[in-house]
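The values are calculated or read from the model by the stated rules, or taken from the named source; none is laboratory data. Only a predicted model underlies this, so the values are computations on that prediction, with no experimental measurement involved. Here the Cβ positions follow ideal geometry from the backbone for every residue, glycine too, while neighbour counts run over all protein chains shown. Only protein heavy atoms, including side chains, enter the accessible area calculation; ligands, DNA and RNA are left aside. Shrake-Rupley method; radii C 1.70, N 1.55, O 1.52, S 1.80 Å.
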Amino acid sequence: MSAAIALAAAGASDGLATRAARVAAIAGKHADAVDAEGRFPREAVEAMRAERLLSIQIPVELGGEAASITQIAELCSILGQACAASAMVFAMHQIKLSSLVEHGAGSDWHRDFMRRIAREQLLLASATTEGGIGGNLRNSICAITVEGDTCFLEKDATVISYGAHADAILITSRSHADAASSDQVLTVFLKDQYRLERTVEWNTLGMRGTCSDGFLFKGEAPAAQILPKPFAEIAAQSMLASSHLLWSGVWYGIAADAVARAQAFVRAAARKSPGTPPPGALRLAEVSSLLQMVKSNVVAGLKAYEEAKADADRLSSMAFAVAMNNVKIASSEMILPIINHAMLICGIMGYKNGTPYSLGRHLRDAHSAQLMISNDRILGNTSTMLLVHKQDTSLLG
Ligand SMILES: Cc1cc2nc3c(=O)[nH]c(=O)nc-3n(C[C@H](O)[C@H](O)[C@H](O)COP(=O)(O)OP(=O)(O)OC[C@H]3O[C@@H](n4cnc5c(N)ncnc54)[C@H](O)[C@@H]3O)c2cc1C
C-alpha cells in the first residue's frame, strides 16, 4: 500500500477537521519555503489528496462526502492558519467544485466528471480574469466556438492560480462569437485538452505559493463539457457567495494565526515577569475583539447562504447579493488592522522573519484580499443595488 493510500485509509473514519489539521501540519512546515521560493505548495496539496479533501463537497452518490459550505469554510480557516497559499488553493478548488455540484448535476458529463474528481482527487483551477476585462468576471471578451460536438476556446487569461499544476480548468467566455460580453458560459477543460503559454509571471508581494501566472489558454474539448446553465446564474446562485465565504474563511485563518502568535508573545512575556502585566496585554484584548467581529461576519454570511440555498428567490435577491458583498468587504479590510495590531504586540519579533512570532508573511498574504476582485469593483456593485434596495436593519438574520 502506498503511503498516501495508507494515510487515507487510516484517516477515512476521522472527521473533516482532524483530516484538515493533518494537512495543516504539513502545510505549515513548508509555508515559509513556499512563500520565499514562490513555489506551488505541492506537499500540502498531496496531503489534501491523501486525506481525500478535494472531493468532500461532491454528493455521496458520486463518491464525495456532501460537505456543507460551513464545513468547507472551517477547513479553509484551519489551513489558512498554517499556510495561506495552500488554503487559497483549497478554497479556489472548492469554489470551482461548487459550480459543478450546484449546476452540473443535470448533465451526464459533469456527473461523471465529479465521480472522476472523487476517484482521482483532481485539482480544479479557475480562469475568469481576462486581459482587457480585468476582474470584471461577469464580462468576457473571448468567445467559445462550437463546431459539431466540439468546442474551441482561446483566452488571454491574465491570472490562473496554480494553472500549471491543475488537472482541469473551469473557464469563462462569451457563449458564442456574436454574444454580448455578459452572455457567458463556463466550460470544463481537462489538462490534456488545453495548452498554456505563460504570458505573465506571478512574482508578488504575497500569496506567492498560489503561482497565479498569466497564460494564453488554447483549448479543444467535447461541447458537452460546457456547463448547461448560463454563467450569469452560476455566478449569482453559487459562485459569488462561495467565493466570498471561502476566501473569507482563508483570510480569517490568517488573522486568527496572527492573533495566536500575539497571544503566545504576551503569555511568554507574562511568564518572564510574573505579577507585572505585559505591555501588550491590553492590545491583545483589543485585537481579540476585532477578530471576533470578523468571525461573526463570516459565520453570519455562512448561515445566510445555507438558508438561502433552499430558496431560489432568496438566492437571487438583492438582499442576499448585498450581504455576500458585505462579507467580502468587511473580512478583507478588517484582517489588515488585526495583523497590524498583532505586529505592534510582538514588536521587532513580529517584524523579523524566522521567529515564532513572525508576521511578515501574514501581512503580505492578507494584502491580496482587497484585490481579489477589487473591493472598489464590489463596492460599486453594492452601491448600485443600494439605490433601490432597502437596507437590512433586523437582527433576526
Ligand atoms: C491571490 C490571487 C489569486 C487569484 N487567482 C485567480 C484565478 O485563479 N483565476 C482568475 O481568473 N483570477 C484570479 N485572480 C484575479 C482576481 O480575482 C482579480 O480578477 C484580479 O486581481 C483583478 O485585477 P485588477 O486589480 O488588475 O483588475 P480590475 O478588477 O480591473 O481593477 C483594477 C483597478 O481598477 C479599479 N476599478 C475597476 N473597476 C472598478 C469599478 N467598477 N468601480 C470602481 N473601481 C474600479 C479598482 O480600483 C482596481 O484596483 C487572483 C487574484 C489574486 C490576488
- [ ] Among the trypsin sites (Lys or Arg not before Pro) in segment 326-397, which ones are in a DSSP loop with at most 14 other Cβ atoms within 10 Å of the Cβ? Mind listing them?
- [x] LYS352, LYS390
- [ ] With a 1.4 Å probe and every protein chain kept in, tell me what percent of the accessible surface of segment 300-364 is carbon plus sulfur.
- [x] 60
- [ ] Output the pairs from LYS303/LYS390; LYS155/LYS328; LYS29/LYS272; LYS229/LYS295 with a Cα-Cα distance over 25 Å in this structure; if there are none, say none.
- [x] LYS155/LYS328; LYS29/LYS272; LYS229/LYS295
- [ ] Take the chain, connect every pair of alpha-carbon atoms lying under 10 Å apart with a spring to form a Gaussian network, then pick out the residue of HIS244, HIS103, HIS176 with the largest mean-square fluctuation.
- [x] HIS176
TODO: Please report how far the C-alpha centroid of segment 266-315 lies from that of segment 157-229, rounded to the nearest whole angstrom.
DONE: 36
Open item on the list: Rounded, prolate or oblate for segment 68-138? Axes are the square roots of the Cα gyration tensor eigenvalues, ordered a ≥ b ≥ c, and the cut-off for rounded is a/c under 1.5.
Closed with: oblate
Task: Rounded to the nearest 10 Å², the accessible area of TYR357 at probe 1.4 Å - done: 40
Task: Area accessible to solvent at MET318, 1.4 Å probe radius, in Å² - done: 80
- [ ] Springs between alpha-carbon atoms under 10 Å, Gaussian network over the chain: tell me which of LEU75, LEU387, LEU170 tops the mean-square fluctuations.
- [x] LEU387
Task: Solvent exposure of segment 231-386 as accessible area per residue, Å², 1.4 Å probe - done: 45
Open item on the list: Can you classify segment 125-225 as rounded, prolate or oblate using the Cα gyration tensor, where a ≥ b ≥ c are the square roots of its eigenvalues, rounded means a/c under 1.5, and otherwise it's prolate if a/b beats b/c and oblate if not?
Closed with: oblate
Open item on the list: I'd like the trypsin sites (Lys or Arg not before Pro) in segment 176-209 restricted to DSSP loop residues with at most 12 other Cβ atoms within 10 Å, sorted by number.
Closed with: none
- [ ] With a ≥ b ≥ c taken as the square roots of the eigenvalues of the C-alpha gyration tensor of segment 58-208, please select rounded if a/c is under 1.5 and otherwise prolate if a/b is larger than b/c or oblate if it is not?
- [x] oblate
Task: Which of LYS295, LYS272 is most accessible, then next, and so on - probe 1.4 Å - done: LYS272, LYS295
- [ ] Taking only Cα atoms and a 10 Å spring cutoff, compute GNM fluctuations for the chain and point out the largest among ALA221, ALA264, ALA164.
- [x] ALA264
Task: With DNA, RNA and ligands ignored, accessible area of GLU201 (1.4 Å probe; Å², nearest 10) - done: 140
Task: Alpha-carbon centroids, segment 66-110 and segment 242-265: separation in whole Å - done: 17
TODO: Calculate what fraction, in whole %, of the accessible area of segment 3-122 sits on carbon and sulfur atoms when a 1.4 Å probe is rolled over the protein chains.
DONE: 54
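Which sequence of PHE113, PHE152 reflects their accessible areas, 1.4 Å probe, from the largest down?
PHE152, PHE113
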Task: By accessible area with a 1.4 Å probe, ligands and nucleic acids excluded, highest first: order of SER273, SER238 - done: SER273, SER238
Task: Solvent-accessible heavy-atom area per residue, rounded to whole Å², over segment 125-225 at 1.4 Å - done: 40
Task: Sulfur and carbon atoms: percent of accessible area, segment 125-225 [1.4 Å] - done: 48
Task: Spin-label model distance (nm) - THR145 vs ARG42, 7 Å beyond Cα toward Cβ - done: 3.7
Task: Of the DSSP H helices in the chain, those whose Cα atoms cover at least 20 Å axially and whose Kyte score averages 0.5 or more - done: 84-103, 318-346
